[in-house]
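All remarks here apply to the structure that follows.
The values are calculated or read from the model by the stated rules, or taken from the named source; none is laboratory data. Predicted model, so just to flag it, every value in this text is computed and none were measured. Heads up, the Cβs are rebuilt from the backbone with ideal geometry, glycines too, and the neighbour counts pull from every protein chain shown.
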């Protein structure tokens with residue numbers, strides 16, 4: 001049975017005795033989400049009440065496992081929608097017949113406000129994250145050891161994947177300090193001046209700042225065009241062409257009301 005088929009279709013195929021008559025409407029899969037926490041924590045809390053009021057449909061479940069695990073859950077039929085904040089691989093695209101762009105995000109490379117570092121080149125960023133640069137003095141800062149803070153490397157989070165594929169040219173991370181969430185790493189950078197971490201700009205807090213990369217900060221026009229190094233798409237993905245309530249949701253996420261929500265912290269699609 002193809003993973004592109006819905007749970008309802010799968011149940012009908014495996015149990016002919018439960019096949020509904022032509023006069024019976026086929027039950028829809030409950031709306032549910034798993035995937036990127038950037039979407040689940042920063043967009044859905046404001047967007048879903050608008051969706052529910054305008055359509056009467058509600059999400060039965062919102063999970064926050066990260067992009068990679070969310071895709072796995074969606075392909076396994078455990079949720080109806082996966083959220084991803086990175087480009088999909090060719091293999092993922094081959095399995096996902098419906099992908100909708102809902103906006104653009106930018107990862108900032110954050111350091112303490114107390115840091116003397118004013119910016120990094122792509123080459124310097126790669127050397128820091130792969131462990132070849134060990135002191136901030138090598139890039140214009142104080143003689144303080146570099147501590148790279150990341151989410152758990154085994155978590156399949158989109159931020160980890162974006163930095164590795166875009167900034168590190170696919171090379172593995174060097175020595176890192178692993179915490180559960182980018183917000184935890186930002187708090188660490190606030191307390192310890194040698195810490196550097198990548199996080200969505202929507203997570204920015206007072207006391208830390210994103211440094212320019214190759215002279216560019218993540219302004220909306222630089223993010224939408226992709227000129228800023230760590231720009232990334234925000235995607236919603238299903239394993240089958242959406243119908244019913246799911247189609248209404250996909251129509252909603254590109255509507256002006258939903259895009260206004262995106263624009264509060266991210267870059268809308270237009």
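Among the residues of region 79-118, those that are under 30 Å from residue 194 (Cβ atoms) and in contact with a strand residue (DSSP E or B) (Cβ under 7 Å, 6 or more places away or on another chain) comprise 85, 86, 105, 106, 107, 108, 109, 110, 111, 112, 113, 117. When residue 169 is tested against (1) crowded, with 17+ Cβ neighbours inside 10 Å; (2) under 17 Å from residue 129 (Cα atoms); (3) over 17 Å from the mean Cα position of the chain (by Cα), only condition (1) is not met. Of everything in region 182-204 that is surrounded by fewer than 18 Cβ atoms within 10 Å (Cβ to Cβ) and within 19 Å of the chain's Cα centre (by Cα), the residue that is farthest from residue 107 (Cα to Cα) is 184. Inspect region 113-120 for any residue being surrounded by 14 or more Cβ atoms within 10 Å (Cβ to Cβ), under 28 Å from residue 39 (Cβ atoms) and at pLDDT 95 or above and give the result as yes or no. Yes: region 113-120 contains one or more residues that are surrounded by 14 or more Cβ atoms within 10 Å (Cβ to Cβ), under 28 Å from residue 39 (Cβ atoms) and at pLDDT 95 or above. Does region 49-108 hold any residues that are crowded, with 22+ Cβ neighbours inside 10 Å, in contact (Cβ under 8 Å) with a residue 60 or more places away in the chain and in a helix (DSSP H, G or I), and which are they? If the condition is that a residue be crowded, with 22+ Cβ neighbours inside 10 Å, in contact (Cβ under 8 Å) with a residue 60 or more places away in the chain and in a helix (DSSP H, G or I), then 51, 67, 71, 74 are the ones that fit.
Return the residues of region 251-260 that are in contact (Cβ under 8 Å) with a residue 24 or more places away in the chain and either surrounded by fewer than 17 Cβ atoms within 10 Å (Cβ to Cβ) or not assigned by TED's automatic domain parsing to the domain that holds residue 57 (or both); say none if nothing qualifies. Residue satisfying the conditions is 257 alone. Residues that are more than 16 Å from the chain's Cα centre (by Cα) and closer than 26 Å to residue 66 by Cα were ranked within region 128-164; the one that is surrounded by the fewest Cβ atoms within 10 Å (Cβ to Cβ) is 131.
So which residues in region 18-39 are part of a helix (DSSP H, G or I) and modelled with pLDDT of 95 or more?
The answer is 39, and nothing else.
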